[in-house]
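*Asks:* Below is a structure I'd like to ask you about.
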Amino acid sequence: MYHYDEYDHALVQDRVAQFRRQVERRLAGELTEDQFRPLRLMNGLYLQLHAYMLRIAIPYGTLDARQMRKLAYIARRYDKGYGHFTTRHNMQFNWPKLEETPDILAELASVEMHAIQTSGNCIRNVTSDQYAGAAEGEIEDPRIWCEIIRQWSTLHPEFSFLPRKFKIAVTGSEADRAAVKVHDIGLIMRRDGAGQAGFEVIVGGGLGRTPFIGKTIRPFLPKEDLLSYLEAILRVYNQLGRRDNKFKARIKVTVHETGAEEFTRLVEAEWLQIKDSALKLPKQEVDRIARHFEPPAFRVLSKTAPATEARIARDRDFAAWVRHNVAAHKVSGYAIANISLKPIGKPPGDATAEQMDVVADLADAFSFGEIRVTHAQNLVLPHVERDRLPELYDRLAAAGLAASNIGLISDIIACPGLDYCSLANARSIPIAERITERFADRDRLELIGEMQIKSSGCINACGHHHVGHIGILGVDRKGEEHYQVQIGGSASEDAALGRILGRGFSADEVVDVVEKIVDTYLAHRNAGETFIETYRRIGQDPFKERVYGAA
Amino acid sequence: MGEEVEDMDQVVIANRLSDGLVVFLAAAPGSLQGEWKLRLEQASVASDDARAQELLALGVAAARQEQKVIEPYLIEVERTAEGLRPTLYRERIRCQGPTVRTDLGKQAEAREV
């Protein structure tokens with residue numbers, strides 16, 4: 001993985017020192033909150049419902065064991081013993097003290113981490129595929145390009161005050177595990193007719209108040225032109241993006257109002273001016289970055305995994321874990337092991353300090369010290385010898401980390417909602433907890449199969465409800481928590497926005513409604529069909545009838 | 001409906017600057033100095049609007065001059081057998097802590113939302 005050079009170290013340490021002085025001045029009363037707020041937000045420090053919240057970047061979702069141990073240490077020493085993994089490769093601590101935040105940032109800097117650009121109208125943490133470097137059929141490790149984008153976008157003077165925040169996601173695989181089509185810019189690695197690798201460039205996706213699936217503005221961009229093309233997009237957006245209305249300021253609205261065709265024309269015209277500038281990526285620089293992402297020293301292993309196969313044959317629970325949580329690895333004899341942070345009845349994405357330490361130890365013992373964070377709020381050990389899966393599983397189970405539900409109905413994305421967030425209108429976590437309890441039965445989980453429920457506590461859609469197979473949106477209705485339900489969304493390569501089913505429901509009703517939707521699917525599905533396939537075949541009406549009764 | 005609108009009981013709520021925790025203003029009538037308390041029960045309750053505005057002015061002045069709290073504002077509370085209870089569920093959660101992880105923090109204490 002990437003390691004800081006002297007410039008990275010200096011930049012991050014300077015920022016810690018600068019923020020330490022700013023905090024001192026604030027605590028001494030020399031800065032007002034209005035003066036201080038933008039300064040703390042530039043360092044990822046929000047003020048939430050109950051306390052400050054610190055959002056820490058995990059660039060393109062890659063962590064090593066040492067960094068994970070540091071997060072565990074921070075959780076224990078400076079917070080309440082736990083942290084929350086978000087949908088954009090961040091870790092959020094819910095209870096940091098302002099007076100201790102500079103110390104936390106210094107701790108992070110010591111392991112090459114920071115909270116820069118995790119807030120504000122700038123280019124945020126670049127996200128990627130959690131299977132990067134391990135996925136079968138991947139064109140290239142997308143993290144090379146993520147790191148190049150990170151270096152370009154960090155403290156980029158021209159793009160520090162954009163009309164609104166800006167999020168980029170990159171995948172190197174056909175299968176989209178990074179929700180690239182609902183990002184401001186989504187990049188999918190492709191090959192052109194000559195077999196050269198490059199990027200499909202998708203612009204103007206996003207969720208929130210006005211959801212859009214992104215539009216492809218360039219089917220193939222050569223790799224060396226990546227930064228000049230991104231710069232051209234950002235320049236056009238920086239000029240055209242609306243600063244008069246916060247709700248219309250994201251690039252998705254710019255693309256929509258300008259028209260994708262005209263927007264593309266403007267980008268291409270700008271690009272022609274800067275295409276052959278200093279932004280053209282020299283091969284030796286790309287190679288230098290790529291060396292940081294060279295594969296670990298994989299052993300030559302047998303294709304067969306007798307210990308794992310024997311355990312599968314006799315242990316139903318282990319078999320279920322392998323079936324759902326383990327994915328194919330590009331190297332023979334290796335596997336990708338997902339660690340679900342969605343145990344029954346617990347907040348999605350939360351991990352205790354003890355669990356973080358266990359994951360760090362397991363990464364060292366099983367996965368060359370490497371850990372990944374997923375946009376679905378789970379963790380991954382990317383390089384595990386397939387025949388050591390039983391040993392890994394037992395150690396995960398002992399730490400309460402062996403929930404076997406990746407991609408199933410209890411693998412719910414949920415934003416913090418009104419339990420923590422000052423923007424929320426309703427709670428999100430307790431709804432998710434109750435759904436996992438309702439669908440705790442293993443046979444039923446298996447019967448339902450692939451199903452993504454996503455839950456947000458307000459219209460900003462941090463819980464991705466628009467792209468859930470079932471999406472739940474919490475609203476405030478006359479002083480009560482109320483929930484709208486939508487179905488038919490998808491965050492994958494077949495990205496789609498869900499449609500609202502009809503009138504909303506009370507907190508008490510909403511889990512029953514989810515169950516009715518599931519029952520309708522089970523009653524209508526053809527053999528082998530997933531929920532989303534059945535929905536696309538039969539449409540919304542049968543679900544509506546079941547939920548609301550015949551019209 | 002048609003009944004006279006009674007003044008609601010109100011308290012001043014804010015976040016403490018140093019650690020962000022939710023605090024409540026306690027100040028005797030006419031006092032120019034208040035204290036910020038961690039528990040709703042320790043808050044001064046204004047039962048009419050004049051007193052509420054007095055408390056808010058004191059809180060805002062304290063936030064500006066002493067810089068010890070952030071964004072003080074008034075919330076409505078009702079007196080129940082169990083003590084003070086904010087009328088809005090958002091403020092109930094704010095006063096009592098998250099409704100999850102009820103094994104720690106102030107939410108580990110008895111509550112209802």
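*Asks:* Test each condition in (1) farther than 24 Å from residue B:98 by Cβ; (2) out of contact with any Phe, Trp or Tyr (no Cβ under 9 Å at 6 or more places or on another chain); (3) within 14 Å of another protein chain (Cβ to nearest Cβ) for residue A:41 and report the one that comes out false.
*Replies:* All conditions pass for residue A:41, except number (1).
*Asks:* Name the residue, out of A:13, A:22, A:35, that is more than 21 Å from residue A:351 (Cβ to Cβ), more than 14 Å from chain B (Cβ to nearest Cβ) and not aliphatic (A, V, I, L, M).
*Replies:* A:13
*Asks:* Give, as residue ranges, the strands (runs of 3 or more DSSP E) completely inside region A:1-83 that count at least 1 residues that are of a type outside the set (Asp, Glu) and more than 17 Å from residue A:101 (Cβ to Cβ).
*Replies:* Details: elements: A:45-47, A:52-57, A:62-64.
Once the strands (runs of 3 or more DSSP E) in region A:1-83 are filtered for at least 1 residues that are of a type outside the set (Asp, Glu) and more than 17 Å from residue A:101 (Cβ to Cβ), what remains is A:62-64.
*Asks:* Which condition number does residue A:145 fail, the rest of (1) crowded, with 23+ Cβ neighbours inside 10 Å; (2) part of a loop (DSSP other than H, G, I, E, B); (3) aromatic (Phe, Trp, Tyr) being met?
*Replies:* Evaluating residue A:145 over (1) crowded, with 23+ Cβ neighbours inside 10 Å; (2) part of a loop (DSSP other than H, G, I, E, B); (3) aromatic (Phe, Trp, Tyr) leaves (2) as the failure.
*Asks:* Of the conditions (1) without any contact (Cβ under 8 Å) to a residue 12 or more places away in the chain; (2) in a loop (DSSP other than H, G, I, E, B); (3) small (Gly, Ala, Ser), residue B:31 satisfies every one except a single condition; which number is it?
*Replies:* With (1) without any contact (Cβ under 8 Å) to a residue 12 or more places away in the chain; (2) in a loop (DSSP other than H, G, I, E, B); (3) small (Gly, Ala, Ser) applied to residue B:31, the lone miss is (1).
*Asks:* May I pose another question? Mind checking which pairs have a first residue in region A:410-434 that is outside the structural domain of residue A:178 (by TED's automatic domain parsing) and at positive phi and a second that is of a type outside the set (Asp, Glu) and buried (at least 24 other Cβ atoms within 10 Å of the Cβ), Cβ under 7 Å, 6 or more apart or different chains?
*Replies:* That search, which allows pairs on different chains as well, returns A:417/A:424; A:417/A:426; A:417/A:427; A:417/A:428; A:417/A:429; A:417/A:457; A:417/A:474.
*Asks:* Name the single residue, out of those in region A:472-497 being buried (at least 24 other Cβ atoms within 10 Å of the Cβ) and over 12 Å from residue A:532 (Cβ atoms), that is farthest from the other protein chains (Cβ to nearest Cβ).
*Replies:* Here the answer is A:485.
*Asks:* Moving on. Pick out the one residue from B:66, B:71, B:76, B:91 that is surrounded by fewer than 18 Cβ atoms within 10 Å (Cβ to Cβ) and more than 8 Å from chain A (Cβ to nearest Cβ).
*Replies:* Answer to the check: B:76.
*Asks:* Inside region A:152-206, can you point out the residues that are touching a residue at least 60 places away in the same chain (Cβ under 8 Å), among the aromatic types (Phe, Trp, Tyr) and outside any helix (DSSP H, G or I)?
*Replies:* A:166
*Asks:* Here's something else I'd like to know. Residue by residue through region B:14-52, note down the ones that are small (Gly, Ala, Ser), under 17 Å from residue B:95 (Cβ atoms) and within 11 Å of chain A (Cβ to nearest Cβ).
*Replies:* Within region B:14-52, B:14, B:20 meet the criteria.
*Asks:* Test each condition in (1) surrounded by fewer than 20 Cβ atoms within 10 Å (Cβ to Cβ); (2) farther than 30 Å from residue A:223 by Cβ for residue A:155 and report the one that comes out false.
*Replies:* Of (1) surrounded by fewer than 20 Cβ atoms within 10 Å (Cβ to Cβ); (2) farther than 30 Å from residue A:223 by Cβ, only one is false for residue A:155: (2).
Per-residue answers, yes or no, for (1) modelled with pLDDT under 95; (2) in contact with a Gly (Cβ under 6 Å, 6 or more places away or on another chain); (3) not charged (D, E, K, R):
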residue: A:427; (1), (2), (3): no, yes, no
residue: A:430; (1), (2), (3): no, no, yes
residue: A:433; (1), (2), (3): no, yes, no
residue: A:444; (1), (2), (3): no, no, no
residue: A:452; (1), (2), (3): no, yes, yes
residue: A:455; (1), (2), (3): no, yes, yes
residue: A:473; (1), (2), (3): no, no, yes
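*Asks:* Another question, if that's okay. Being modelled with pLDDT of 95 or more, surrounded by fewer than 23 Cβ atoms within 10 Å (Cβ to Cβ) and not assigned by TED's automatic domain parsing to the domain that holds residue A:208 is true for just one of A:351, A:440. Which residue is that? Break it down stepwise before answering.
*Replies:* Working: A:351 fails: surrounded by fewer than 23 Cβ atoms within 10 Å (Cβ to Cβ).
That would be A:440, the only listed residue that is modelled with pLDDT of 95 or more, surrounded by fewer than 23 Cβ atoms within 10 Å (Cβ to Cβ) and not assigned by TED's automatic domain parsing to the domain that holds residue A:208.
*Asks:* Let me ask another. Please specify each residue of region A:84-107 satisfying the condition of being closer than 17 Å to residue A:351 by Cβ and out of contact with any Phe, Trp or Tyr (no Cβ under 9 Å at 6 or more places or on another chain).
*Replies:* A:85, A:86, A:87, A:88, A:90
For (1) of a type in the set (A, V, I, L, M, F, W, C); (2) within 30 Å of residue A:370 (Cβ to Cβ); (3) in contact with a Gly (Cβ under 8 Å, 6 or more places away or on another chain), each residue gets a yes or a no:
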{"residue": "A:23", "(1), (2), (3)": "yes, no, no"}
{"residue": "A:27", "(1), (2), (3)": "yes, no, no"}
{"residue": "A:33", "(1), (2), (3)": "no, no, no"}
{"residue": "A:51", "(1), (2), (3)": "yes, no, yes"}
{"residue": "A:59", "(1), (2), (3)": "no, yes, no"}
{"residue": "A:88", "(1), (2), (3)": "no, yes, no"}
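*Asks:* Going by the conditions given, is residue B:55 more than 14 Å from every other protein chain (Cβ to nearest Cβ), within 26 Å of residue A:36 (Cβ to Cβ) and over 10 Å from the mean Cα position of the chain (by Cα)?
*Replies:* It is true that residue B:55 is more than 14 Å from every other protein chain (Cβ to nearest Cβ), within 26 Å of residue A:36 (Cβ to Cβ) and over 10 Å from the mean Cα position of the chain (by Cα).
*Asks:* If the requirement is being crowded, with 24+ Cβ neighbours inside 10 Å, closer than 15 Å to residue A:65 by Cβ and more than 21 Å from the chain's Cα centre (by Cα), which of these qualifies: A:358, A:384?
*Replies:* Working: A:358 fails: crowded, with 24+ Cβ neighbours inside 10 Å.
Step by step, each of A:358, A:384 is checked, and only A:384 is crowded, with 24+ Cβ neighbours inside 10 Å, closer than 15 Å to residue A:65 by Cβ and more than 21 Å from the chain's Cα centre (by Cα).
*Asks:* Moving on. I need the full set of residues from region A:443-493 which are of a type in the set (Asp, Glu) and farther than 26 Å from residue A:404 by Cβ, in order please.
*Replies:* A:476, A:480, A:481
*Asks:* Note down all Cβ pairs under 8 Å where the first residue falls in region A:92-114 and is within 14 Å of chain B (Cβ to nearest Cβ), the second is among the acidic types (Asp, Glu) and not in a helix (DSSP H, G or I), and they're at least six residues apart or on different chains.
*Replies:* A:93/A:79; A:94/A:79; A:95/A:79; A:96/A:79; A:97/B:19; A:98/B:19; A:99/B:19
*Asks:* Specify which of the listed residues (A:61, A:83) is closer than 21 Å to residue A:367 by Cβ, within 13 Å of another protein chain (Cβ to nearest Cβ) and within 20 Å of the chain's Cα centre (by Cα). Walk me through it before giving the result.
*Replies:* Working: A:61 fails: within 13 Å of another protein chain (Cβ to nearest Cβ).
Testing whether each residue is closer than 21 Å to residue A:367 by Cβ, within 13 Å of another protein chain (Cβ to nearest Cβ) and within 20 Å of the chain's Cα centre (by Cα) leaves just A:83.
*Asks:* Another question about this same structure. Among the residues of region B:94-108 satisfying the criterion of being exposed (fewer than 15 other Cβ atoms within 10 Å of the Cβ) and aliphatic (A, V, I, L, M), which is farthest from the other protein chains (Cβ to nearest Cβ)?
*Replies:* Filtering first and then ranking leaves B:108.
*Asks:* On to the next question. What number of residues within region A:214-230 are touching a residue at least 60 places away in the same chain (Cβ under 8 Å) and surrounded by fewer than 22 Cβ atoms within 10 Å (Cβ to Cβ)?
*Replies:* Residues flagged as touching a residue at least 60 places away in the same chain (Cβ under 8 Å) and surrounded by fewer than 22 Cβ atoms within 10 Å (Cβ to Cβ) within region A:214-230 amount to 3.
*Asks:* Continuing with the same structure: So which pairs qualify, if the first residue must be in region B:43-61 and in contact (Cβ under 8 Å) with a residue 24 or more places away in the chain and closer than 20 Å to residue B:85 by Cα, the second must be surrounded by 16 or more Cβ atoms within 10 Å (Cβ to Cβ) and of a type in the set (Ser, Thr, Tyr), the Cβ gap must be under 8 Å, and the two must be at least 6 apart or on different chains?
*Replies:* Close Cβ pairs satisfying both conditions: B:55/B:44.
The values are calculated or read from the model by the stated rules, or taken from the named source; none is laboratory data. All values reported here derive from a predicted model rather than from experimental measurement. When we count neighbours, we look across all protein chains shown, and the Cβ atoms used for this are built from the backbone with ideal geometry, even at glycine.
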